Amino acid sequence: MADTIGIMTALASIARSGLDAAQLRLGTSAHNVANLNTPGFARQAVDQQAAPAQGGVQARAGRSGQPGVALEAEAVEQMAATYAFKASLLVLRTADEMAGSLLDVCA
């Protein structure tokens, strides 16, 4: 039972980190689009890495070094971040359903 609770906690942690990373990607892309016509603006990008110790991913925004912003690339980035957000929500929903089923079995 303790192992099952640990797995559920890990799933929630993974889902939360995915939601946070997707939100950062959306916000960073929105920032890039908002500064599309700003002279000398350097596009920002989000770097994601697996975080096995905590479970999930770590995401950081920083300058990509590329001057200018390509609107079509930002549209693709926003769609990809939206799909990542939905996938993380699905993981969270599944973990919640599993917890409910476990409680039903234990009750």
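For the stretch 12-25, enumerate the residues that are open to solvent by less than 50 Å² (accessible area, probe 1.4 Å) and of a type outside the set (D, E, K, R).
Within the stretch 12-25, ALA12, SER13, ALA15, SER17, GLY18, LEU19, ALA21, ALA22 meet the criteria.
Is it the case that the stretch 28-37 has a residue that's open to solvent by 80 Å² or more (accessible area, probe 1.4 Å), more than 20 Å from SER88 (Cβ to Cβ), among the polar types (S, T, N, Q) and not in a helix (DSSP H, G or I)?
yes
Testing GLN66 on (1) touching a strand residue (DSSP E or B) at 6+ places or on another chain (Cβ under 8 Å); (2) open to solvent by less than 60 Å² (accessible area, probe 1.4 Å), one condition comes back false. Which one is that?
Tallying (1) touching a strand residue (DSSP E or B) at 6+ places or on another chain (Cβ under 8 Å); (2) open to solvent by less than 60 Å² (accessible area, probe 1.4 Å), GLN66 fails exactly one: (2).
All but one of (1) surrounded by 10 or more Cβ atoms within 10 Å (Cβ to Cβ); (2) within 15 Å of LEU11 (Cα to Cα) hold for PRO52, so report the exception by its number.
All conditions are met except number (1).
Looking at (1) of a type in the set (A, V, I, L, M, F, W, C); (2) crowded, with 18+ Cβ neighbours inside 10 Å; (3) in a helix (DSSP H, G or I); (4) in contact with a strand residue (DSSP E or B) (Cβ under 7 Å, 6 or more places away or on another chain), which one does VAL46 not meet, given that it meets all the others?
The number of the failed condition is (3).
The values are calculated or read from the model by the stated rules, or taken from the named source; none is laboratory data. Just so it is clear, the structure is predicted and the values come from calculations on it, not from any experiment. Because the Cβ atoms are built from the backbone with ideal geometry, glycine has one as well, and the counts that use them run over all protein chains shown. What goes into the accessible areas is simple: the full protein's heavy atoms, side chains included, and nothing from ligands, DNA or RNA. Shrake-Rupley method; radii C 1.70, N 1.55, O 1.52, S 1.80 Å.
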